[in-house]
1. Pick out, from the range 25-106, the strands (runs of 3 or more DSSP E) lying fully within it that include 1 or more residues that are in contact (Cβ under 8 Å) with a residue 60 or more places away in the chain and surrounded by 18 or more Cβ atoms within 10 Å (Cβ to Cβ).
2. Got at least one residue in the range 154-176 being under 21 Å from residue 116 (Cβ atoms), crowded, with 22+ Cβ neighbours inside 10 Å and touching a strand residue (DSSP E or B) at 6+ places or on another chain (Cβ under 7 Å)?
3. What are the residues in the range 128-153 that are surrounded by fewer than 18 Cβ atoms within 10 Å (Cβ to Cβ) and outside any loop (DSSP other than H, G, I, E, B), if any?
4. Looking only at residues in the range 211-230 that are crowded, with 18+ Cβ neighbours inside 10 Å and touching a helix residue (DSSP H, G or I) at 6+ places or on another chain (Cβ under 6 Å), which one is nearest to residue 11 (Cα to Cα)?
5. Would you check if there is a residue in the range 13-23 being in a helix (DSSP H, G or I) and without any contact (Cβ under 8 Å) to a residue 60 or more places away in the chain?
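What follows draws every value from the coordinates through simple rules; no lab data is involved. Quantities reported herein were computed from a predicted structural model and do not represent experimental measurements. In this analysis, Cβ positions are derived from the backbone assuming ideal geometry, glycine residues included, and neighbour counts consider all displayed protein chains.
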């Protein structure tokens with residue numbers, strides 16, 4: 001009799017095959033910090049505690065996938081956003097790198113192995129992947145539109161889409177390269193990956209705006225990853 005693990009269930013699902021049950025997992029996010037008695041600030045800024053919290057979640061709940069969802073502002077932070085880390089709340093941007101839209105040309109694609117908290121996140125993913133062998137491990141990083149909003153601000157970016165669409169396309173070309181490069185780095189950890197793009201949903205933008213300003217860049221980013229043999233899911 002075949003003994004299924006979380007990883008086997010997930011692989012079967014992606015191959016459109018049957019397993020003993022449908023794979024399932026909760027997106028626990030920063031809640032896992034509570035399992036080891038640390039603050040959310042510690043969870044977001046200390047790679048060892050992040051890894052310990054996620055491993056504790058696996059040991060307690062045994063999901064088919066452990067989702068390593070930490071800080072979706074880390075890409076923007078690596079490019080100049082100033083973040084505030086409350087003890088018991090999600091980090092927020094005190095200052096955005098593109099409050100002055102003219103500074104776009106001064107930004108460069110961050111190095112995932114050197115800049116900001118990106119290397120810490122990669123190392124945490126490695127530690128979690130090494131510790132968990134029965135279930136899949138999935139990294140969650142910001143997609144191009146989420147990064148653009150983090151750098152510029154949601155209201156400002158939507159106004160730009162109306163008043164200066166060429167600028168939004170220029171920004172999206174840039175943030176797509178950021179997302180692709182970080183995606184390539186995630187592969188080195190052994191974890192799977194997903195782009196988080198909740199701001200691209202109809203809760204914030206119209207289908208027309210998505211088709212014009214977001215979809216081409218989703219297609220480009222995921223296409224580049226596929227060319228390198230990297231599987232990726234997209235959460236909107």
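1. Ranges flagged: 65-68.
2. No, that holds for no residue.
3. Residues satisfying the conditions are 130, 131.
4. Among those residues, the one meeting the criterion is 225.
5. yes
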